[in-house]
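Participant: The structure under discussion is supplied below as structure tokens; questions concerning it will follow.
The values are calculated or read from the model by the stated rules, or taken from the named source; none is laboratory data. Computed from a predicted structure; not experimentally measured. Glycine gets a Cβ as well: all are built from the backbone with ideal geometry, and neighbour counts include every protein chain shown. What goes into the accessible areas is simple: the full protein's heavy atoms, side chains included, and nothing from ligands, DNA or RNA. Shrake-Rupley method; radii C 1.70, N 1.55, O 1.52, S 1.80 Å.
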Amino acid sequence: MPYPSSAPTRERAPLLLLRGALQHRLDTLARAHRVPGAQLVLDTGSQTVALHAGVADIGTGARFTADTAVPVGSLTKPYTAALVLLLAEDGDLDLDEPAAEHLPELRQLPEVTIRHLLGHTGGLPTGPDSDAAARTTAARYLSAVCTARDALFPPGTDFSYSNAGYVAAGRLVETVTGMPWHEAVRALLLEPFGTGPVFVDTTDPGRPVAAGHALNAATGRPRAVRQNLAPLEAPAGALLASATDLAALGAALVGRAKALPPDLAEEMRRPQPGARPGALADGWGAGVALYRQDGQLWCGHDGNAMGTSCHLRADPDSGVVVAFTGNAGAATALWRELAAELDELAGIRVPAAIEPVGAGETVPLPECAGDYRNGAIRYRVEAAGGGQLALSVDGDPPIPLRCYADLSYDLVAPDTGRPEPGGAFHRDPATGRIDRVQVSGRTARRAD
């Protein structure tokens, strides 16, 4: 099917002729960033190139293959969202009904809809860490997190990335289908997509899998790390997939897969009111992030597990899908550099990441100093040198901020001094007082 686009384009060489150059850059960048292994898939709708490089596990020396499944972390969330939309299409639920109609654990938040859960606009805190979550049940987890006292903002008015919202979405799937989330996603999505199902807790995966890796501080070399995810968090981050698997999801998101009807794909891509994700993306749909590039609105998601970094981008107008997996935290930098080169190599401009704000001259914002809270996470903003501010999270060393007149700010990386996308402060519309701060997509409410 054609994918008309109004964006300026230049003629692309056939991808198969570029395979050697693309493989060379993937190999070179993986070595440069000390990433043990990576995968890249480019799919234009008529041509596909799938590449892989390096080793899947530094300990065993197992090589990456096209079929190697990588822990994709939060890239699990679009699959969970797609499940919910399939249930809505069957009439089992309504995206705009209160989630508490199906989940009594959310009864303190009667205005939070299912759509709010999928678009991170319900005002839910992010939820406790995996160690704490492993000691409880999903029902108790949600009852403790989804309270009126901890709500960050009125539903539909703002954005705060929330794992708890997807724990709720997964529990919703289980309540409606009567199946465990693992079984539902396998039967309704993974197998129709042609994806061999593998999860963090799978003991016999039946296909090659990759380990995540971190740098050993003493030797400077990568070492394999264990995945740490509570069972109840599975709908938010338990999936393992290859770049080819992610590309199949991307093809579905642009309307090229029977497993996800085009009208549901369009629903997932539709920008949600109030969704201002700041440093994460330019907008958010019902389960996917939205990225602007050359006047076009791409969709996709990023996912980081323990020692992995995975990324998906899909352009509904041109039909182009780009998927990447890497088995080290440093693969995020590899992805960004590789994506920047795809324009020259393949004529594909990919929105890899949000740029730092840099909105004019920095200004002092002393009224923003104070304590903020997202569930159990504490954010402290305090005065630093030269009238600027610094941010610390749960008592960690403070990170300098570059603040701008529109209340946005960049984080200054302590090791390089370079600005990174940070977020923004928000005023209470009724009082004009600074009452929230968004930090890398998560919103915290003023507590002092």
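Participant: Would you pick out the residues in segment 288-314 that are outside any strand (DSSP E or B), of a type outside the set (S, T, N, Q) and open to solvent by 10 Å² or more (accessible area, probe 1.4 Å)? Quick ask: steps written out before the conclusion?
Facilitator: So the first thing to find is which residues in segment 288-314 are outside any strand (DSSP E or B), and the list is 288, 294-295, 304-308.
Next, from what is left, pick out any that are of a type outside the set (S, T, N, Q): 288, 294-295, 305-307.
Selection gives Asp294, Gly295, Ala305, Met306, Gly307.
Participant: Oh, and also: Do any strands (runs of 3 or more DSSP E) entirely within segment 397-447 hold 2 or more residues that are over 16 Å from Pro366 (Cβ atoms), and if so, which?
Facilitator: 408-412, 419-427, 434-439, 442-446
Participant: Take the residues of segment 243-287 that are farther than 21 Å from Glu89 by Cβ and hydrophobic (A, V, I, L, M, F, W, C): which is most open to solvent (accessible area, probe 1.4 Å)?
Facilitator: Leu280
Participant: Which one of Ala81, Ala50 is open to solvent by less than 10 Å² (accessible area, probe 1.4 Å), among the hydrophobic types (A, V, I, L, M, F, W, C) and in contact (Cβ under 8 Å) with a residue 40 or more places away in the chain? Don't jump to the end; show me each part of the working.
Facilitator: Details: Ala50 fails: open to solvent by less than 10 Å² (accessible area, probe 1.4 Å).
Residue meeting the stated conditions: Ala81.
Participant: Might you check whether a residue that is among the acidic types (Asp, Glu), open to solvent by less than 70 Å² (accessible area, probe 1.4 Å) and more than 24 Å from Asp302 (Cα to Cα) occurs anywhere in segment 345-361? Reasoning before the result, please.
Facilitator: As a first pass, look at segment 345-361 and keep what is among the acidic types (Asp, Glu): 355, 361.
Pick out the ones that are also open to solvent by less than 70 Å² (accessible area, probe 1.4 Å) and you get none.
So far as segment 345-361 goes, no, none of its residues is among the acidic types (Asp, Glu), open to solvent by less than 70 Å² (accessible area, probe 1.4 Å) and more than 24 Å from Asp302 (Cα to Cα).
Participant: Filter segment 420-448 down to the residues that are out of contact with any helix residue (DSSP H, G or I) (no Cβ under 8 Å at 6 or more places or on another chain) and among the hydrophobic types (A, V, I, L, M, F, W, C), then identify the one that is least open to solvent (accessible area, probe 1.4 Å).
Facilitator: Checked segment 420-448; the qualifying residue least open to solvent (accessible area, probe 1.4 Å) is Ala444.
Participant: Follow-up. Do we find a residue being buried (at least 23 other Cβ atoms within 10 Å of the Cβ), within 15 Å of the chain's Cα centre (by Cα), under 30 Å from Gly59 (Cα atoms) and among the charged types (D, E, K, R) anywhere in segment 228-238?
Facilitator: Yes - at least one qualifying residue is present in segment 228-238.
Participant: Is it true that Val84 is out of contact with any Lys or Arg (no Cβ under 8 Å at 6 or more places or on another chain), at pLDDT 95 or above and not in a helix (DSSP H, G or I)?
Facilitator: Spelling it out, it is not the case that Val84 is out of contact with any Lys or Arg (no Cβ under 8 Å at 6 or more places or on another chain), at pLDDT 95 or above and not in a helix (DSSP H, G or I).
Participant: Right, next: Report the residue count in segment 134-154 for those that are in contact with a helix residue (DSSP H, G or I) (Cβ under 6 Å, 6 or more places away or on another chain) and surrounded by fewer than 22 Cβ atoms within 10 Å (Cβ to Cβ).
Facilitator: Result for segment 134-154: 2.
Participant: Do we find that Glu267 is in a helix (DSSP H, G or I), closer than 28 Å to Thr68 by Cβ and either among the small types (Gly, Ala, Ser) or in contact (Cβ under 8 Å) with a residue 40 or more places away in the chain (or both) in this structure?
Facilitator: On the way: in a helix (DSSP H, G or I): yes; closer than 28 Å to Thr68 by Cβ: no; either among the small types (Gly, Ala, Ser) or in contact (Cβ under 8 Å) with a residue 40 or more places away in the chain (or both): yes.
Spelling it out, it is not the case that Glu267 is in a helix (DSSP H, G or I), closer than 28 Å to Thr68 by Cβ and either among the small types (Gly, Ala, Ser) or in contact (Cβ under 8 Å) with a residue 40 or more places away in the chain (or both).
Participant: Which ones in segment 46-66 are within 16 Å of Gly212 (Cβ to Cβ) and outside any loop (DSSP other than H, G, I, E, B)?
Facilitator: Listed by number, the residues that qualify are Gly54, Val55.
Participant: May I ask you to list the residues in segment 360-394 that are within 25 Å of the chain's Cα centre (by Cα) and not hydroxyl-bearing (Ser, Thr, Tyr)?
Facilitator: Result: Arg373, Asn374, Gly375, Ala376, Ile377, Arg378, Arg380, Leu391, Val393, Asp394.
Participant: Just give me the residues in segment 43-65 being of a type in the set (A, V, I, L, M) and in contact with a helix residue (DSSP H, G or I) (Cβ under 6 Å, 6 or more places away or on another chain), in sequence order.
Facilitator: Those that are of a type in the set (A, V, I, L, M) and in contact with a helix residue (DSSP H, G or I) (Cβ under 6 Å, 6 or more places away or on another chain): Val49, Ala50, Leu51, Ala53.
Participant: Only one of (1) over 19 Å from Asp67 (Cβ atoms); (2) open to solvent by less than 10 Å² (accessible area, probe 1.4 Å); (3) of a type outside the set (Val, Ile, Thr) is not met by Asp317, so which one is it?
Facilitator: Every listed condition holds for Asp317 apart from (2).
Participant: Separate question: Find the residue count for segment 401-419, including only residues that are buried (at least 20 other Cβ atoms within 10 Å of the Cβ) and of a type in the set (Lys, Arg).
Facilitator: Here the count works out to 1.
Participant: Continuing with the same structure: Just one of Arg270, Arg207, Arg292 is charged (D, E, K, R) and out of contact with any Asp or Glu (no Cβ under 9 Å at 6 or more places or on another chain); which is it?
Facilitator: On the way: Arg207 fails: out of contact with any Asp or Glu (no Cβ under 9 Å at 6 or more places or on another chain); Arg292 fails: out of contact with any Asp or Glu (no Cβ under 9 Å at 6 or more places or on another chain).
Only one candidate qualifies: Arg270.
Participant: So for segment 170-188 (the condition being under 30 Å from Thr60 (Cβ atoms), over 23 Å from the mean Cα position of the chain (by Cα), open to solvent by 50 Å² or more (accessible area, probe 1.4 Å) and among the β-branched types (Val, Ile, Thr)), does at least one residue qualify?
Facilitator: Checked segment 170-188: no residue is under 30 Å from Thr60 (Cβ atoms), over 23 Å from the mean Cα position of the chain (by Cα), open to solvent by 50 Å² or more (accessible area, probe 1.4 Å) and among the β-branched types (Val, Ile, Thr).
Participant: Turning to a different aspect of this structure: Can you pull out the residues in segment 344-375 that are assigned to a loop (DSSP other than H, G, I, E, B) and in contact with a helix residue (DSSP H, G or I) (Cβ under 7 Å, 6 or more places away or on another chain)?
Facilitator: Ile348, Arg349, Val350, Ala352, Ala353, Pro364, Gly375 - these are the residues of segment 344-375 that are assigned to a loop (DSSP other than H, G, I, E, B) and in contact with a helix residue (DSSP H, G or I) (Cβ under 7 Å, 6 or more places away or on another chain).
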